[in-house]
1. Determine whether residue 53 is away from the ligand (no atom under 12 Å from the Cβ) and at negative phi.
2. Do you know which residues across region 33-50 are out of contact with any strand residue (DSSP E or B) (no Cβ under 9 Å at 6 or more places or on another chain) and either within 16 Å of the ligand (Cβ to nearest atom) or assigned to a loop (DSSP other than H, G, I, E, B) (or both)?
3. Being within 27 Å of residue 158 (Cβ to Cβ) and more than 15 Å from the ligand (Cβ to nearest atom), is that true of even one residue in region 88-101?
4. Please work out which one of (1) part of a helix (DSSP H, G or I); (2) out of contact with any helix residue (DSSP H, G or I) (no Cβ under 9 Å at 6 or more places or on another chain); (3) in contact (Cβ under 8 Å) with a residue 40 or more places away in the chain; (4) surrounded by fewer than 13 Cβ atoms within 10 Å (Cβ to Cβ) is the condition residue 89 fails and give its number.
5. Considering only region 9-32, state which residues are surrounded by fewer than 16 Cβ atoms within 10 Å (Cβ to Cβ) and near the ligand (Cβ under 10 Å from one of its atoms).
6. So which of 146, 75 is more than 10 Å from the ligand (Cβ to nearest atom), free of Cβ contacts under 8 Å to residues at least 12 places away in the same chain, out of contact with any helix residue (DSSP H, G or I) (no Cβ under 9 Å at 6 or more places or on another chain) and within 17 Å of residue 34 (Cα to Cα)?
7. Within region 105-115, is even one residue within 18 Å of residue 28 (Cβ to Cβ) and crowded, with 18+ Cβ neighbours inside 10 Å?
8. Please list, ordered by first then second residue, the pairs with beta carbon atoms under 8 Å, 6 or more apart or interchain, first in region 1-27 and touching a residue at least 60 places away in the same chain (Cβ under 8 Å), second surrounded by fewer than 12 Cβ atoms within 10 Å (Cβ to Cβ) and assigned to a helix (DSSP H, G or I).
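Laboratory data are not the source of any read-out in this text; all were calculated from the coordinates shown. Quick caveat, the model's predicted, so the values are computed rather than measured. Reconstructed Cβ throughout: ideal geometry from the backbone, glycine too, with neighbour counts over all protein chains shown.
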Ligand SMILES: CC(C)(COP(=O)(O)OP(=O)(O)OC[C@H]1O[C@@H](n2cnc3c(N)ncnc32)[C@H](O)[C@@H]1OP(=O)(O)O)[C@@H](O)C(=O)NCCC(=O)NCCS
């Protein structure tokens, strides 16, 4: 059985980041506020800049990236979990759980007691994943993208007892 690991991405990994992120946007457009059409036009500098501001981790299996998560400071005590995606062939093996745990570890290590995220209505699989890791719905709802009907809801997790 192959081992799955996670590792942080630095600016030098921008090509890998671009590949995984664009694959995610093409694979699951309903899950993200951003679109492949927008991000596929990003130049090298934008990918590097984003990697500098958005702490990102890839999951790796047999030398191949098979998942992505990002965690970004929202204010002095809240971090946002973003860009969560696992390659279809690697799902239901705990990769999503590993990536969420890695993002939570980063938040705890960097002094963020709360982590928030947004989930598309109907994405039950993602909601179950986050619920297993202690996230709960906050009651906030917003449109995924301006001018579209689809909505997403907020979930939050507080560190500690
Ligand atoms: C949502 C998503 C990230 C979940 O990733 P994943 O790697 O399949 O997540 P996990 O493996 O940790 O958990 C998924 C299921 O596998 C099960 N599972 C976990 N480890 C397992 C293992 N070792 N063996 C068998 N099943 C396992 C979990 O219990 C879970 O079951 P459930 O869906 O019935 O609750 C993935 O489906 C995805 O990328 N979807 C498209 C993008 C998306 O929706 N992103 C979220 C945006 S908010």
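1. Answer is yes for this residue.
2. 35, 36, 39, 40, 41, 42, 43
3. No; the residues of region 88-101 include none that is within 27 Å of residue 158 (Cβ to Cβ) and more than 15 Å from the ligand (Cβ to nearest atom).
4. (3)
5. The answer is 27, 29, 30.
6. Working: 75 fails: within 17 Å of residue 34 (Cα to Cα).
Being more than 10 Å from the ligand (Cβ to nearest atom), free of Cβ contacts under 8 Å to residues at least 12 places away in the same chain, out of contact with any helix residue (DSSP H, G or I) (no Cβ under 9 Å at 6 or more places or on another chain) and within 17 Å of residue 34 (Cα to Cα) holds for just one of 146, 75, which is 146.
7. no
8. Cβ pairs passing all conditions: 27/88.
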